[in-house]
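Down below is the structure, laid out as structure tokens.
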Amino acid sequence: MTGFLTLFRKEVLRFWKVLMQTVAAPILTTLLYLLIFSHVLEAHVQVYPGVSYTSFLIPGLVMMAILQNAFANGSSSLIQSKISGNIVFFLLPPLSYLEFFLAYLLAAMVRGLVVGLGVAVSGLLFTDLSLVHPLWVMVFALVASAVFACFGIIAGIWAEKFDQLAGVQNFVIMPLTFLSGVFYSIHSLPAFWQAVSHYNPVFYMIDGFRYGFHGVSDVDPWQSLAAVLPIGLILAGLTLQLLRSGYKLRH
Amino acid sequence: MSRAISVRGLAKRFGSLEALRGVDLEIEPGEFFALLGPNGAGKTTLISILAGLVRASAGQAEVMGHDVVHDYRAARRNLGVVPQELVFDPFFTVRETLQFQSGYFGIKRNDDWIDALLHHLNLTDKAETNMRRLSGGMKRRVLVAQALVHKPPVIVLDEPTAGVDVELRQTLWQFIRDLNRQGHTILLTTHYLEEAEELCERVAMLKEGRIVALDRTANLLRADSQRRVELRLNPRRLPEALQPRLLGEKDGAFLLSLHDFGELEGMLAEIRQAGVQIDGFCVRQPDLEEVFLQTMHGAAR
Ligand SMILES: Nc1ncnc2c1ncn2[C@@H]1O[C@H](COP(=O)(O)OP(=O)(O)OP(=O)(O)O)[C@@H](O)[C@H]1O
Ligand SMILES: [Mg+2]
């Protein structure tokens with residue numbers, strides 16, 4: 001237990017010590033999206049009746065921030081440790097695979113949630129935000145951050161260079177998040193892209209999250225949860241398996 | 001009581017390269033043991049297998065009777081490793097680094113022992129300094145401290161003195177010796193053979209993944225019992241009678257074998273008779289470096 005707690009504390013402290021880059025910068029970037037899109041589209045787009053475009057947009061941006069930062073934390077921490085070699089500090093002690101996994105998972109979730117909360121709170125400066133089902137908001141924030149935290153850990157274990165991680169971020173994470181309905185409802189898309197979006201797990205994360213705020217969504221939140229939860233379990237299982245086998249960590 | 005380290009039939013391939021080709025090694029608790037070998041011999045690979053950083057292709061390894069794969073938690077609790085590479089985490093101070101390392105080993109409050117370690121390794125005034133701001137030798141000493149946070153019965157040091165200045169090297173060895181006297185088993189690799197000769201009771205020499213010599217240090221030195229005489233002559237001509245003793249030449253001096261000191265008188269007489277003048281003369285005792293070079297050379301043939 002002490003081993004897990006120490007590794008978790010170390011992982012949290014690692015991003016906490018450079019708060020400017022790891023928390024403040026992503027919040028600022030997300031707020032820029034909010035500023036520009038809400039200014040341009042506020043008068044033209046209304047997705048759900050009674051919900052302004054800005055308050056429609058905020059949950060999507062919050063979720064996007066959660067996902068990107070949950071991914072970034074585990075992946076960048078692991079690749080830095082691998083490249084600098086200090087990964088031996090936690091490979092030498094008698095830490096179990098589960099302790100290792102949980103420490104990295106929870107620390108990455110904390111980073112995602114802290115940035116998400118920061119975006120949500122600063123979003124309140126722009127508009128009022130309703131909170132119809134806070135429990136759904138929490139459920140989707142937790143599950144989605146866990147999924148991308150696992151994803152980040154897997155990428156961090158797999159990657160050997162920073163460019164490879166950047167590749168995953170640019171070619172997988174960015175398209176997944178931008179083509180998921182952060183900025184629009186997928187009902188406004190042509191039929192083909194609507195169908196494609198239904199295969200994008202991030203779409204369900206954002207849709208379910210939004211339901212928690214506004215009480216309306218494109219699909220039923222239970223259905224969204226049913227789409228996201230198995231992905232989380234599969235990724236968690238895969239991460240544990242990689243850690244157990246020592247893939248790319250122990251020769 | 002189980003052995004401190006026990007290795008049987010250990011082999012490791014990296015692709016087509018065979019880093020270890022069947023190594024057997026037993027080290028008893030309380031020993032001070034040197035693992036020697038040229039660059040690329042497989043020393044670090046062997047240590048990495050003991051530490052669980054590398055998985056063996058064949059064979060078994062145990063630390064204090066615990067298999068390093070099946071019983072890895074117990075094996076690692078019993079082992080402290082100072083890695084060869086100078087690694088550090090630039091986010092943290094020296095004290096934080098040591099506190100985290102203690103925590104990974106399941107130790108919550110370890111401040112007294114951490115202070116003692118800092119003191120013994122002359123790091124007390126650097127305790128609150130960020131790792132990034134330490135010199136290379138200081139970083140190496142932090143690695144030593146990290147390996148010792150959990151007071152492991154078996155301590156493995158992979159070239160701990162590379163880049164450490166003379167004075168601190170002495171301090172470091174004094175500290176390691178004290179630990180050895182308290183019962184800790186020490187396994188060390190070094191390219192400074194005089195260090196190994198002075199400190200270690202037993203030595204294994206590794207070459208291309210095989211053990212080519214394994215014995216008590218004293219025995220190895222005795223086996224190479226030939227003392228040598230180094231002679232500088234003027235003119236540079238070795239008398240006929242001394243030719244059978246000739247081992248070689250070095251920087252213009254003749255190297256002659258000498259089985260016991262009684263033979264010296266006869267040799268000097270031969271030289272005088274030949275009318276040759278002695279410009280330089282010294283008797284050399286065999287040291288571990290010579291044994292090492294001979295072993296490595298011999299094993300190549
Ligand atoms: N991760 C690896 N991948 C491929 N080859 C490796 C790897 N690690 C070591 N080797 C090879 O295995 C051989 C043994 O290396 P090792 O590091 O064990 O040598 P060493 O005895 O510690 O040498 P040195 O005195 O230079 O530290 C070398 O030929 C090395 O190139
Ligand atoms: Mg080495």
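The values are calculated or read from the model by the stated rules, or taken from the named source; none is laboratory data. Please read these numbers as outputs of a predicted model, since none were measured by experiment. Neighbour counts are summed over all protein chains in view; Cβ atoms, including those assigned to glycine, are modelled from backbone coordinates with ideal geometry. These accessible areas exclude ligands, DNA and RNA; they are computed on the full protein's heavy atoms, side chains included. Shrake-Rupley method; radii C 1.70, N 1.55, O 1.52, S 1.80 Å.
Note on the range B:182-301: the C-alpha convex hull projects to 9.7 nm² when averaged across all orientations. Length gained on full extension, B:Ser57 to B:Asn130: 22.4 nm, using 0.36 nm per residue less the C-alpha separation. For B:Lys139, the aspartates and glutamates whose Cα falls under 19 Å of its own Cα, not counting residues fewer than eight places away in the same chain, are B:Glu85, B:Asp89, B:Glu96, B:Asp115, B:Asp125, B:Glu128, B:Asp158, B:Glu159, B:Asp165, B:Glu167.
Per-residue mean of foreign Cβ neighbours for B:114-124 is 0 (Cβ atoms of other chains, 10 Å radius). Using a simple spin-label model with pseudo-atoms 7 Å out from Cα toward Cβ, B:Phe14 and B:Asn122 lie 3.3 nm apart.
Please name the residues of the range B:58-80 whose accessible area, counted over protein heavy atoms with a 1.4 angstrom probe, falls by no less than 50 Å² between the chain alone and the full protein assembly. Flagged in the range B:58-80: B:Tyr72, B:Arg73, B:Arg76. If R0 is 51 Å, what FRET efficiency do you get for A:Leu117 and B:Glu201 from their C-beta distance, rounded to 0.05? The computed FRET efficiency comes out at 0.25. Per residue, the range B:226-285 exposes an accessible area of 61 Å² to a 1.4 Å probe, with every protein chain left in place.
Give me the percent relative contact order of the range B:226-285, please, defined on Cα pairs under 8 angstrom at least 6 residues apart. It rounds to 55 percent for the range B:226-285. For chain A, the solvent-accessible area of protein heavy atoms averages 43 Å² per residue (probe radius 1.4 Å; ligands and nucleic acids excluded).
With one equal scatterer per alpha carbon and no solvent term, the Debye-computed log10 I(q)/I(0) for the range A:98-165 at 0.12, 0.18, 0.26, 0.27 1/Å reads -0.43, -0.78, -1.14, -1.18. Accessible surface of the range B:176-254, 1.4 Å probe: 42 percent of it comes from carbon and sulfur atoms.
Pairs exceeding 22 Å between alpha-carbon atoms, taken from B:Lys12/B:Lys207; B:Lys108/B:Lys151; A:Lys17/A:Lys248; A:Lys82/B:Lys108: A:Lys17/A:Lys248; A:Lys82/B:Lys108. Computed with a 1.4 Å probe over protein heavy atoms only, the accessible area of B:Trp173 comes to about 20 Å².
For chain B, relative contact order (Cα pairs under 8 Å, six or more residues apart, normalised by length) works out to 20 percent.
As a test of the definition: with a 1.4 Å probe, what buried accessible area, both sides summed, do you compute for A against B, in Å² to the nearest 100?
By this definition, chains A and B bury close to 2800 Å².
Interface residues of the range A:52-89, defined as those with an accessible-area decrease of at least 30 Å² between the chain by itself and the complete set of protein chains (probe 1.4 Å), are A:Asn86, A:Val88, A:Phe89. Taking the Cα centroid of the range A:18-36 and of the range A:42-79, what is the distance between the two, rounded to the nearest whole Å? Using only Cα atoms to place each centre, the spacing works out to 12 Å.
Restricting the calculation to Cα atoms, every distinct pair contributes to the Kirkwood radius of the range B:1-115, found to be 15.8 Å. Across the range A:119-251, the relative contact order, built from alpha-carbon pairs under 8 Å that are at least six residues apart, equals 38 percent. Short to long, the 5 Å bins of the Cα pair-distance histogram for the range B:5-221 hold 1, 7, 15, 19, 20, 17, 12, 7, 2, 0 percent of all pairs. Summing Lys and Arg as +1 and Asp and Glu as -1 over all other residues whose Cβ lies under 11 Å from the Cβ of A:Tyr211 gives a net charge of -2. Along each principal axis, taking the top coordinate minus the bottom one, the Cα set of the range A:106-251 gives 52, 35, 28 Å in descending order. Burial here means at least 30 square angstrom less accessible surface with every protein chain in place than with the chain by itself, probed at 1.4 Å; in the range A:1-45 the buried residues are A:Thr2, A:Thr6, A:Lys10, A:Leu13, A:Arg14, A:Lys17. Per residue of B:261-267, other chain Cβ atoms within 10 Å of the residue Cβ number 0 on average. Based on the reciprocal of the average 1/r between different C-alpha atoms, the Kirkwood radius for the protein assembly as shown equals 27.7 Å. Of the residues A:Phe209, A:Phe89, A:Phe178, the one that moves most in a GNM of chain A with alpha-carbon contacts below 10 Å is A:Phe89. Between 0 and 90 degrees, the angle of helix A:97-123 with respect to the longest Cα principal axis of chain A falls at about 30 degrees. From the backbone phi of the range B:81-86, what are the Karplus-calculated ³J(HN,Hα) couplings (6.51 cos²θ - 1.76 cosθ + 1.60, θ = phi - 60°) in whole Hz, Gly and Pro given as x? Karplus-based 3J(HN,Hα) across the range B:81-86 equals 10, 9, x, 6, 6, 7 Hz. For chain B, the longest principal axis of the alpha carbon atoms and the long axis of helix B:136-148 meet at an angle near 60°. Using equal-weight Cα scatterers in the Debye expression, the normalised intensity of the range B:226-285 in log10 at q = 0.15, 0.30 Å⁻¹ is -0.36, -1.63. Between the exposed loop cleavage positions of chain B, defined as GluC sites (Glu not before Pro) in a non-H, G, I, E, B DSSP state with at most 15 neighbouring beta-carbon atoms within 10 angstrom, the longest gap is B:202-301.
With everything on Cα atoms, drop me the angle between helix A:221-245 and the longest principal axis of chain A, reported from 0 to 90° to the nearest 10. Tilt of helix A:221-245: around 10 degrees. Taking all protein chains as they are arranged and a probe of 1.4 Å, the heavy atoms of A:Val172 leave approximately 60 Å² accessible to solvent. Note on A:Tyr184: accessible area approximately 50 square angstrom, rounded to 10, probe 1.4 Å, nucleic acids and ligands left out.
Computed over all pairs of different Cα atoms, the Kirkwood value for the hydrodynamic radius of chain A is 18.6 Å.
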